[in-house]
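To start, the structure under review is shown below, and the notes come after it.
Just so you know, all these numbers are worked out from the coordinates, no wet-lab data involved. Every value quoted in this text rests on a predicted model; they were computed, and no experiment measured them. Here Cβ is always computed from backbone atoms with ideal geometry, including for glycine, and neighbour counts include all displayed protein chains.
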Amino acid sequence: MIKTDVIIIGGGATGCGIARDLALRGIAHHLIEKGDFAAGATGACHGLLHSGGRYAVSDPEAAEECIRENMILRKIGEKCVEQTGGLFVRLAGDSRRYRDKFLESCDRVGIDTELLSGARALDLVPKLNPSLEEAVRVPDCSIDPFRLCMLNAITSKNRGGVFHRHHEVFEFIKEKGRLAGVRARDRFTGEIKDLRARVIINASGAWGKKIANLAGHDLPMNLSKGSLVITNHRLTNMVINRLRPPSNGDIIVPNEAVCLAGTTSISVDSPDNLVVGADEVDIVTREAGRMIPEFNSTRLIRAYTGVRPLLLAEKDATDDRSVSRGFRIINHQDGMYSILGGKLSTYRLMAEKMVDTVLKEVFDKTVACQTGDLPLEGQEFLSGYPLSTRLKDMKDIICECELVTRKDVESVIDRIGTKSIGDIQHRTRLGMGPCQGGFCTYRALGIIQEKGKITCDESMGALREFLQKRFRGIRPALWGDQLREEQLVEGIYLNIMNMEQQ
Amino acid sequence: MKTGKYDAVIVGGGISGLMAAIDLTRKGRRVAVVSKGDPICCLSTGCIDILKGVDSPRDGICDLPENHPYHLVGAGGLDRAAGLFVSVMKEAGLSYVGNVGQNRWILSPGGTRKQTALVPESMAHGNVEENETLVVIIFKGMKDFFPGYVTAKFQNADVYEFDPGNGSTLGIATKFDDPAFQEDFFKWFKSQKISKGKIALPAVLGTKPQVFGELAQKLDRKIFEIPTLPPSIPGLRMFKALKTCLQDAGADLYWGRSVESVEKDGDAIEAVTLAGIGRSTRIEARAFILATGSFVSGGLYARQDGVVKESVFDLPAYVPENRESWFGHNFFETGHGIEKAGIRVNGSFQPESTGIPNLFVCGSILAFSETMKYGCGHGMAIATGVTAAEKCEDHLA
Ligand SMILES: Cc1cc2nc3c(=O)[nH]c(=O)nc-3n(C[C@H](O)[C@H](O)[C@H](O)COP(=O)(O)OP(=O)(O)OC[C@H]3O[C@@H](n4cnc5c(N)ncnc54)[C@H](O)[C@@H]3O)c2cc1C
Ligand SMILES: Cc1cc2nc3c(=O)[nH]c(=O)nc-3n(C[C@H](O)[C@H](O)[C@H](O)COP(=O)(O)OP(=O)(O)OC[C@H]3O[C@@H](n4cnc5c(N)ncnc54)[C@H](O)[C@@H]3O)c2cc1C
């Protein structure tokens, strides 16, 4: 039995942000996440650190939160934010009146803009559609969601916070009509852990309703999935948005060596087992192709989907107050709070408000929030290590696409004692390149095996699981060169290794 | 511009095109092979899969769906093609064992067993039962072979490690070509007191065909190779043997070249022009055989709009309608719709509804071959290659 002050359910940006905030205010806590960090919407988003431009016209309050948080995050999170800047491009046929409204609204909420001629915009991003009318420059950034979660976790762990990754909450411990704790299952070993705390925070995003149901509450929400595609190289060094009211496929974000484009919006019943439809991929590539024509001929290496929770009418919830239009905190009055909505860009603010609330209502304390003033700890490990130096140190390359060495893989295994291929991928970018792990996963699992972390049978199981997951990501983007690569990978695993379903 | 004149030109140097070319040279034809790059068999196990899931592939082919290309070959054609393949390999010093009437099993690098029909001599002992004792010899630093996947399946398995001073599959295989290195390995082997049982090694025992036989004799134990992830040494040995056989027969090989343009005389193809850096070559022939493979080799190209293009002659290609139907949702279930894509041919292996009298098509570019689903990759390639060559010979005669 583990006892602590606060239990956080969910290791997305919101949950990790809450852990860091609690740590800096000296409150003991445990976080439980059923996958790895960023396994939910956080890892399935564009990674756009919004300037707020996208919301300036429709939701000025949210826009204001974005620009404020944008300025804070670029300061505290240098190593996970790339200050790319962004453009809103107006193509032939896009409303001029909307442009005027856009400029006016940005001005009102304090987002710096600069109106650029088409020619100027093409100087900045040569691959833009040459027939664009004009563009507005805004302070958008690209942010690495996984690193963001990991860095927030480091601050927490440095101060005694405990993270249970790959643990799924499946039951609440109830006592005298209150929620006294949770029971979680280790997804590798099946082992069950009981945790008790004074308060439980449900930060499970789109799974929020499922968690609330486990506790015997309803949480009225709708789910909407959004799909994105990843290109095999970087087509732009700036974030590209379409200058029109938010719509399908109008954001392209550069990230490391690739670009992400999305998204769609389709209502779904459950946040699990989602697939990306061929039609969604077509919509996104078509729209992205209008802004950057080369998108139409560029190889896509993967497509994936994330789920946004949309809160319904407020009257059904026991107690709720809109701390902001963008997100909500709900006190279930029995020892649990839910925090829902928001954006990756505003995760820090959400965490701050959440911790303010429990400090006041549960712990009856006021301690000032410091998360916006102190830099994220642990950034020294992410040394923005340039490729040229990396190449010199390369020996025993395991992943040819992303240049990951055997030593890189071994050091992750040694450091975090992982058994999961996903953990290694996130930390080294193994398998994130064009072949999407088709070649290197067999090797990485072989290394985990050698290190004695898993049995050989388990690694075969893990390999199967990985290949199926990988296939789900690639399936919607299978034509041209990616289809060709896929048939090669099929040949390796289904022919040479004969892993076909028996 | 350079020029050449042939009886037949084969476009695509995979196992299918090479076998077609060999068959024609044996009939005294003047032949050329044009190939953009090295074929898929270099990535394969080097085994000839004819049809999986049955005892006898030879009998099994009649139960395939009626549009499967094997029906155009027939059991007799399969016998002739397999016979020619085995004899060509033997001439090159590479013995194959097995027969078209009986499937067999080999051990895979994932520890599973793979069904196939004809196997190189180096895998003849690869049919091990889980209760047998197995010895695995591995090579230090080799990144594409992890014995754990294999040993997990055996109750009794011992692993021994030899340091070859090189971690790449091709690097180690090349070292084994050197008698001095073989001797070092032999000395190490003797010093190890290796336990009883069959001995398995990753397939790196020499790029040359004779190395395996020499080692097996020296070690005086039942040894066999486990195929590895690409690049594959057994695949490479087979490919080199096919290529050498053609060169010895006087065929011209235009390697690293692809067809840039096609000239026609009415419906018939008269010549193709090959692209090359600073030079182009026009080659004329009385007949052409298309053997450019499927998507992996670029014989076919699938577009986002759901159209599949054939890359040399722009022949009409069959593909299931609607991109959504190309793939199922389970990676481990073969038989994805896209596997049916390809060129439809008539009983003479000529592309349907094109009216081209002197073009023949063979290998994995054929529609409805579904090589992954039926486990018929090389078998189908060899059988259709040789049969298409026979039809081409009828045309030339
Ligand atoms: C397609 C898409 C694109 C987006 N793009 C952007 C963008 O570019 N910029 C931006 O600012 N915002 C973007 N957003 C919004 C942003 O992604 C989310 O608001 C944010 O990531 C939510 O974080 P979270 O931590 O609240 O939820 P999540 O990241 O979903 O985290 C919830 C976690 O709870 C875990 N969990 C669930 N059930 C259990 C259980 N029983 N036990 C233990 N753990 C459990 C899940 O595994 C998950 O990791 C996008 C959203 C979508 C869907
Ligand atoms: C990883 C993998 C492993 C496999 N393992 C096995 C196995 O163990 N056993 C088995 O039986 N089957 C196996 N298969 C299947 C089998 O290898 C193939 O089905 C078979 O080799 C196809 O032969 P092919 O001659 O039709 O074409 P390919 O081998 O694809 O050859 C086509 C050739 O044409 C050339 N070409 C393409 N376009 C042009 C052009 N425009 N101009 C000139 N040349 C061109 C290409 O460069 C290539 O050399 C495997 C397949 C894969 C992908």
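Counting beta carbons within 10 Å around each of B:R323, A:R299 and listing the fewest first gives the order A:R299, B:R323. Shown in residue order for the stretch B:239-251 are the 3J(HN,Hα) couplings computed by the Karplus curve 6.51 cos²θ - 1.76 cosθ + 1.60 at θ = phi - 60°: 4, 5, 5, 5, 5, 4, 4, 5, 4, 4, 7, x, 6 Hz (x for Gly and Pro). This ranking places B:M19, A:M291 by how few other beta-carbon atoms lie within 10 Å of each, fewest first, which gives A:M291, B:M19. Note on the stretch A:89-117 and the stretch B:321-350: Cα centroid distance 49 Å, given to the nearest whole angstrom. All C-alpha pair distances within the stretch B:1-46, sorted into 10 Å bins from zero, spread as 26, 46, 24, 4 percent across the bins. A cysteine counts as unpartnered when no other cysteine's C-beta lies under 4.7 Å of its own; in chain A this applies to A:C45, A:C66, A:C80, A:C106, A:C141, A:C259, A:C369, A:C401, A:C435, A:C456.
In terms of its alpha-carbon gyration tensor, chain B comes out prolate; a/c meets the 1.5 threshold, and the first ratio a/b outweighs b/c.
Taking the convex hull of the alpha carbon atoms in the stretch A:217-372, what volume per residue do you get, in Å³? Please report the intermediate quantities before stating the final value.
On the way: hull volume 22.9 nm³, N = 156.
So the per-residue Cα hull volume is 147 Å³.
With each label modelled as a point 7 angstrom along the Cα→C-beta vector, the B:E214-A:D364 pair spans 8.8 nm.
Only helices enter the 222 nm calculation for chain B: every DSSP H run of n ≥ 4 contributes -39,500 (n - 2.57), and dividing by all residues gives -9000 deg cm²/dmol, rounded to 500.
To the nearest 10 degrees, how steeply does helix B:70-91 sit against the main Cα axis of chain B, on a 0 to 90 scale? Once rounded, one gets 50 degrees.
Could you give the size of the charge dipole of the stretch B:125-274 about its Cα centre, using +1 on the Cβ of each K and R and -1 on the Cβ of each D and E, expressed in debye and rounded to the nearest 20? Intermediate results must be reported in sequence, preceding the final value.
On the way: 18 positive and 21 negative charges, 173 e Å.
Charge dipole of the stretch B:125-274: 840 debye, to the nearest 20.
For A:L31, nonlocal amide neighbours, meaning residues 5 or more places apart or on other chains whose placed amide H falls under 5 Å from its own, are A:I8, A:V162, A:F163, A:H164. Annotation: average projected area of the stretch B:126-221 is 5.8 square nanometres, based on the convex hull of Cα atoms across all directions. D by Stokes-Einstein for chain A, Kirkwood Rh over Cα pairs, 37 °C, 0.692 mPa s: 139 µm²/s. Per-residue ellipticity at 222 nm from helix content only, as computed over chain A with -39500 (n - 2.57) for each DSSP H run of at least four residues, stands at -10500 deg cm²/dmol. Using Cβ point charges alone (K and R +1, D and E -1), the dipole size of the stretch A:391-496 about the Cα centre works out to roughly 220 debye. At each listed q (0.11, 0.12, 0.14 Å⁻¹), what is the log10 of I(q)/I(0) that the Debye formula gives for the stretch A:39-184 modelled as equal alpha-carbon point scatterers? Debye curve over Cα of the stretch A:39-184, log10 I(q)/I(0) at q = 0.11, 0.12, 0.14 Å⁻¹: -0.59, -0.67, -0.80.
Round to the nearest 10 and give me the degree value, 0 to 90, for the angle of helix B:377-396's Cα axis relative to the longest principal axis of chain B. On a 0 to 90 degree scale, this one is about 30. Taking amide H atoms as placed 1.01 Å from N in the peptide plane, the amide H of B:V33 lies under 5 Å from those of B:I10, B:D252, B:L253, B:Y254, each 5 or more residues away in sequence or on another chain. Note that the stretch A:176-184 has calculated 3J(HN,Hα) couplings of 6, x, 10, 8, 9, x, 9, 10, 10 Hz, one per residue in order, obtained from phi through the Karplus relation 6.51 cos²θ - 1.76 cosθ + 1.60 (θ = phi - 60°); glycine and proline are x. The alpha carbons of the stretch A:10-85 occupy a box of 39, 27, 26 Å along the principal axes, longest dimension given first.
Dipole of the stretch B:203-352 computed with +1 at Lys/Arg Cβ and -1 at Asp/Glu Cβ about the Cα centre; of B:A317, B:P231, B:G266, farthest Cα towards the positive end is B:P231.
Based on the convex hull around the alpha carbon atoms, the stretch A:154-257 presents an average projected area of 11.2 nm². The stretch between B:D248 and B:T207 holds 12.8 nm of extra length on full extension. This uses 0.36 nm per residue minus the Cα-Cα distance. For chain B, the relative contact order comes to 25 percent (Cα pairs under 8 Å, sequence separation of at least 6). For the stretch A:211-301, the Cβ-based charge dipole about the Cα centre amounts to some 380 debye (Lys, Arg positive; Asp, Glu negative; other atoms uncharged).
Across the stretch B:126-221, C-alpha contacts under 8 Å between residues 6 or more apart give a mean separation that, scaled by the residue count, equals a relative contact order of 33 percent. Between B:D158 and B:L134, B:V135, B:V136, the built amide H atoms are under 5 Å apart, and every one of these is 5 or more places off in sequence or on another chain.
Counting only C-alpha contacts under 8 Å and six or more residues apart, can you give the relative contact order of chain A as a whole percent? Please report the intermediate quantities before stating the final value.
On the way: 1043 pairs, mean separation 88.3, N = 502.
18 percent.
Look at the dipole of the protein assembly as shown built from charges on Cβ: of A:V81, B:V34, A:G480, the Cα furthest out on the positive end belongs to A:V81.
When the charge dipole of chain B is built from unit charges on Cβ atoms (+1 for Lys and Arg, -1 for Asp and Glu) and taken about the Cα centre, the candidate among B:G375, B:I343, B:I15 whose Cα reaches farthest toward its positive end is B:I15. For the pair A:D194 and A:N158, label points projected 7 Å from Cα toward Cβ lie 3.5 nm apart. What the pair-distance distribution of the stretch A:391-496 shows, using all Cα-Cα distances binned every 5 Å from zero, is 2, 13, 24, 24, 20, 11, 6, 1 percent.
Using only alpha-carbon positions in the protein assembly as shown, the gyration tensor eigenvalues give semi-axes of 55, 35, 23 Å once each is multiplied by 5 and square-rooted (largest first). Please report the spacing between the Cα centers of the stretch B:226-245 and the stretch B:58-91 in Å, no decimals. Spelled out, the Cα-based centre of one part sits 21 Å from the other. Between the C-alpha center of the stretch A:226-282 and that of the stretch A:5-39 there is a gap of 28 Å.
Past 32 Å, Cα to Cα, is the threshold; run A:K75/A:K101; A:K469/B:K36; B:K52/B:K222 against it and keep the listed order. Don't skip to the answer; put the middle values down first.
Values: A:K75/A:K101 30 Å; A:K469/B:K36 34 Å; B:K52/B:K222 26 Å.
The pairs that break the limit, which is 32 Å between Cα atoms, are A:K469/B:K36.
Please arrange A:K3, B:K36 by counting, for each residue, the other beta carbons lying within 10 Å of its beta carbon, fewest first. Numbers along the way, then the final one.
Working: A:K3 12, B:K36 23.
In increasing order of surrounding Cβ atoms, one gets A:K3, B:K36.
Backbone phi angles across the stretch B:172-183, fed through the Karplus curve with coefficients 6.51, -1.76 and 1.60 (θ = phi - 60°), yield HN-Hα couplings of 5, 4, 5, 4, 5, 5, 8, x, 5, 5, 4, 5 Hz in residue order; Gly and Pro are listed as x.
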